[in-house]
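The values are calculated or read from the model by the stated rules, or taken from the named source; none is laboratory data. Quantities reported herein were computed from a predicted structural model and do not represent experimental measurements. Note that each Cβ is placed from the backbone with ideal geometry, even for glycine, and that neighbours are counted across all protein chains shown. Protein only, heavy atoms only, side chains kept; ligands, DNA and RNA dropped before computing areas. Shrake-Rupley method; radii C 1.70, N 1.55, O 1.52, S 1.80 Å.
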Amino acid sequence: MFDLGVLTTSFIQNLIAQTVVVPEGTIMENLLTYSPVQHQLISHLLTLGVSVMAVGFVYFITTNSRSLPRFQPSSTLSAVVMVSAFLILGLQLVEWLSAFAFDGTVWGLGVGTAGRYYRKHVLEWLSLP
């Protein structure tokens, strides 16, 4: 007797492989098409996120000396978190801008991939004890 699950999985993989050429590392977001407004909106939101993290870093660094000594480690730790978030969002923005190609009407699958850093780092943060 043969395993129907393996047969079904193999069939689906062959169907997808024949339908669309998908680069390795591609995730669901890369297979969608985006209107120019949608693409720009996501780009602007990522830019805003990068900017907010940079401002947050400056805020925590500048207010650290005005805090009580027992609260200064929390300001320092918050500044470190802002740097980490700044780098993650910055990488996401760079990936987003390079992952799609404009064909005259919509933004579709391009050369790169977008969204890998988000999943990787969110899972790392969630796995902290």
Neighbours by Cβ (under 8 Å, 6+ apart or cross-chain): first from the range 35-63, open to solvent by 40 Å² or more (accessible area, probe 1.4 Å); second hydroxyl-bearing (Ser, Thr, Tyr) and at pLDDT below 90: Ile42/Tyr34
What number of residues within the range 64-80 are in a helix (DSSP H, G or I) and either open to solvent by less than 50 Å² (accessible area, probe 1.4 Å) or touching a residue at least 24 places away in the same chain (Cβ under 8 Å) (or both)? 4
Scan the range 84-116 for residues that are open to solvent by 60 Å² or more (accessible area, probe 1.4 Å) and out of contact with any Leu (no Cβ under 8 Å at 6 or more places or on another chain) and jot them down. Phe86, Leu87, Leu91, Val94, Leu97, Ser98, Phe102, Asp103, Thr105, Val111, Arg116
With respect to the numbered conditions (1) within 27 Å of Val111 (Cα to Cα); (2) open to solvent by 50 Å² or more (accessible area, probe 1.4 Å); (3) modelled with pLDDT of 90 or more, which one is the sole condition not fulfilled by Gln18? (3)
Does the range 99-122 hold any residues that are at pLDDT 85 or above and not in a strand (DSSP E or B), and which are they? Asp103, Gly104, Thr105, Val106
Can you tell me which residue in the range 21-53 is modelled with the lowest pLDDT, limited to those that are among the hydroxyl-bearing types (Ser, Thr, Tyr) and closer than 19 Å to Val94 by Cβ? Thr26
